[in-house]
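Have a look at the structure below before the remarks.
The values are calculated or read from the model by the stated rules, or taken from the named source; none is laboratory data. Bear in mind the structure is a predicted one, so any value in this text is a computation, not a measurement. Here the Cβ positions follow ideal geometry from the backbone for every residue, glycine too, while neighbour counts run over all protein chains shown. The accessibility values were calculated without ligands, DNA or RNA, using every heavy atom of the protein model including side chains. Shrake-Rupley method; radii C 1.70, N 1.55, O 1.52, S 1.80 Å.
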Amino acid sequence: PSDVPEAVAPKLEHADGAVIIRRNDTLWRISRRVYGHGVRYSTIYLANQDQIRDPDHIWPGQVFKVPEKSKEGEAADLKAMGEQATTAPTKAQ
């Protein structure tokens, strides 16, 4: 039907310590892979509140910052995210 709006994914951007969201990702799954505990999903949520309206609804193509450490102190293991992890050169100010 022509009255259905076209879904447009946000433009992919590189960011230091970030992951690119893929289909079927959840904050819980990302947190479990990065921090070793799914319950640490709030660390990722709080770092990306500006683009997450509902933590149960994230979309493919979104790029979320991943803090170096969870608030409980676990270090992020971005290697566990494989090619979903992204880094960018430092921006000149």
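Quick notes on this one:
- Within segment 15-57, the set of residues being open to solvent by 70 Å² or more (accessible area, probe 1.4 Å) and at positive phi comprises just one member, Asn24.
- Ala76 being in contact with a strand residue (DSSP E or B) (Cβ under 7 Å, 6 or more places away or on another chain), at pLDDT 85 or above and surrounded by 12 or more Cβ atoms within 10 Å (Cβ to Cβ): yes
- Pair list, Cβ under 7 Å, 6 or more apart: segment 25-49 residue modelled with pLDDT under 95, other residue of a type in the set (Asp, Glu): Val34/Asp77; Tyr35/Glu74; Gly36/Glu74; His37/Glu74; Arg40/Glu72; Arg40/Glu74
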